[in-house]
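Worksheet for the structure shown next.
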Amino acid sequence: MISLYFFLCVIFTIAVGNLVIIFAEPDSKIILSNWVLIINSLVAAGLALFVFLKNRESIDENKENTLLTIGLVFWFIANVIWAYYEVVLDIVSPVPSFADFFLLSAYVFLIYRLMIIRKKLSHIIDKKIMYLMIVLTGLFLAYILNLTLDLAQTSNFRGMMLFIVTIAYPTLNSILTILAITILLGIKNEKQHHHLVPWVCEVVGFLAIVVGDSWFAIIVLTTFVEQLWISILLLSAHYLLIAGGLIWYLRYSIKWKSKDIAFKIVAGIKNRRLSNKIIFTSITTISLVLFSSVYLGNGFGGDGKNSLLIKKNYITEKPLLTSTGPADGQHNLNKEFVVGAIIPFTGSYSSIGKPVKVALEKAEYDINKYFEKMNSSSRFNLVMANSKSSPEDSLEAIKQLHSFGAKIIVGPATSTAVLGAKEYADTNDIILISYSSTSPLLSISGDNLLRLVPDDINQGKVIAERMIDDGIKVVVPMWRGDIYGNELYKSTKYHFEKLGGKMVEEGINYKPHTGKFATSLHRINFIMWNEDLERLNSIVAEEIKKYGNKSVGVFIISYDEITPILIQSPMYYSLSNIRWYGSDSIAQNHHITKNIDSALFAIKTNFSNPLYSIDTKSSKSHELIEVLEEELHDGESITYPAIAYDSFWISSLSLDTNSTNSYLVDHKNNKKSFKEIVFETAESFDKGISGKIQLNNAGDRIGENYDFWSVSKHPQKDYYVWKTENNLVETNH
């Protein structure tokens, strides 16, 4: 009965402990998962160390305890290193990495420990059961091996190492499990039944880690690509199960001295009433802490955990009376306006989220200072919402911003996100000013959308001309299958073929995922891209045979998933020996320059990406670059933040003009609509960074002035930078 209560407590602890991951926002799961693994592995390692210290006088068991402690400590160190790569540096870990070294080394100690314990058992396991376990494990490993081999690229060192490391974990875990089950069956027939509970915990724990390390197979077969976090739940449960077994061992197998503090606690727990109180209090406390973490993480998480980011120090329910009026003591009534912003803090285009946020906050500060100097009572408050780079969340975001009184909204960033919010904006007379949406399908006269960048008819033409100028005759495309990727592909294809080039029909049109997995630097993500890249490589190889590698190029349209694609592409010979061309959604992406493999591949393939040109030499541009460097250590991502900066100014000036009757009457004494005011304000705006604004009838910026950005190594320092190819601009990371 005691063991039943114990297992129920362990199960409850695992369930409650994993709630942090389960209820987290999709893009927060990776960060929280790393924290949970670090904490749980630390608990298990700490308990093992405690067992070792308390039992060090027992020569018979000290060796096994030493091996267990070393193994768990190594696992803890590996989790810290992995989190450092993935969360802190946001770069891909080497293959193999120091994390792999500690993880795989831990198995040596743990397997050796189990082999020693197995030899000590007097009971001999039934050979039929042993053979059955070996056959089942062999079939499982054969399946994993076959599946991994189908997806892996083993023709080069990195691909081979990635394959070996990927299958090493389920293989070693299976060995551990067989040994643990053997010991469990042996102990079951021994006289010392108090050892049974820790081994049940350990065996179930090893089974959990086997499934967890093999979860990628389920992902591949079911296409649940956003469910990698479930693997973390299993790995987390593994550590807690081992910790539970160690607690039982401490309680029933360690000889305590009366002077030990731990002895007094254990002795007190023997009192059932006190025991129930302690269990109830512990469970309640843990539950409150974890639920609070989830609530606070989702409600006040800053850039991405929450859907709405409210700056309460600016928002007021009632207008404020200020002393900025006449000196006779009379006061002017402050006119407060809400300017909304829909920003991709998370999702597949989150790389521009934080830079745009910083630019908008600077714009908010600058324009309020401007109106203060003008002795105006108008004040403007920025309220931001997270689009999560998806149309569904963009619709939710615009509804929330509208409930806060936003009549004009900066964003959304992507064309798919704009499409999700556009109908609601048109229906509710909300003006959208997008700083980076470019799909021609959204160029509609009379709607409520303004875009301060030209549409992709212009971009496609510029890309096609560049490829022809570089001597490219044949292009193999790879593009996102959404409203942005499809239309830019069509535009580029039309102009390229019009100029005499050939766009291969058999391109790679991939389904974009909106969550973090598609853009993450997890090794499983690299394996997932292998199928598309292998097809791309095969098509490119055929075209090279016909035209030569100098006449063949790859044209890719993507968001932040470009980084894992570039990291994985060097494993394919043909892809590494031709020129690559990209799109405006790739230029200035800081993930590419942060990761050495992607930066080197971009340099080797002369990866060129067009981006609408702005004046980065102006004093205002330098001010914004300095702010981005100070707050984000990222002065590269300047173009779209600069356009977002201008968008906030236009929004604020339009709101102020709309509130003043004298500006609402034209020479015929007819009241102008708010949309007309915004349109006129944009075209007369001369205080911005992005230059003169001229809009067409659909509200899109007119212009074909593009820079091509590429990656190069900094001449003096050991890092990689984005620069315009005419060398007029160079920014560092």
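No lab work stands behind these numbers, since they all come straight from the coordinates. Just so it is clear, the model here is predicted, and its values are computed rather than measured. Neighbour counts are summed over all protein chains in view; Cβ atoms, including those assigned to glycine, are modelled from backbone coordinates with ideal geometry.
Going down the list Lys362/Lys511; Lys357/Lys493; Lys369/Lys717; Lys388/Lys594, which pairs span over 28 Å between their C-alpha atoms?
Long pairs (Cα-Cα over 28 Å): Lys362/Lys511; Lys357/Lys493; Lys369/Lys717.
Highest first, please rank the peptides 672-678, 562-568, 639-645, 616-622 by the mean number of other Cβ atoms sitting within 10 Å of their residues.
639-645, 562-568, 672-678, 616-622
Could you pull out every residue, at least 5 positions away or on a different chain, whose amide H is within less than 5 Å of the one on Gly553? Hs are placed 1.01 Å off N in the peptide plane, and Pro or chain starts have none.
Val474, Val475, Val476
Quickly rank 101-107, 132-138 as a protection proxy: mean count of other C-beta atoms within 10 Å, highest first.
Answer by packing, highest mean first, reads 101-107, 132-138.
On a straight-distance basis, which aspartates and glutamates could pair with Lys120 in a cross-link, Cα separation under 13 angstrom, same-chain partners fewer than 8 positions away excluded?
The qualifying aspartates and glutamates are Asp60, Glu61, Glu64, Glu190.
Around Asp470, with a cut-off of 12 angstrom between Cβ atoms, what is the net charge of the other residues, counting Lys and Arg +1 and Asp and Glu -1?
Result for the neighbourhood of Asp470: +1.
How would Thr519, Thr148 line up from fewest to most surrounding beta-carbon atoms within 10 angstrom?
Exposure proxy ranking, most exposed first: Thr148, Thr519.
If I stretch the segment between His714 and Glu506 completely, what's the gain in nm (0.36 nm per residue apart, minus their alpha carbon distance), one decimal?
Length difference between fully extended and current span is 71.1 nm.
Counting only other residues whose beta carbon sits under 9 Å from that of Trp649, what net charge do I get with K and R as +1, D and E as -1?
-1
Can you put Ser439, Ser551 in order of Cβ neighbours within 10 angstrom, beginning with the fewest?
Fewest-to-most ranking of Ser439, Ser551: Ser551, Ser439.
Sort Ile398, Ile468 so the one with the fewest other Cβ atoms within 10 Å of its own Cβ comes first.
Ile468, Ile398
Local charge sum around Phe109 (other residues, Cβ-Cβ under 13 Å, Lys/Arg +1, Asp/Glu -1)?
+1
Compute the separation of the alpha-carbon centres of segment 497-565 and segment 133-152 and state it in Å as a whole number.
29
Going highest first, how would you order 410-421, 5-16 by mean Cβ packing within 10 Å?
My ranking of the peptides, most packed first, is 410-421, 5-16.
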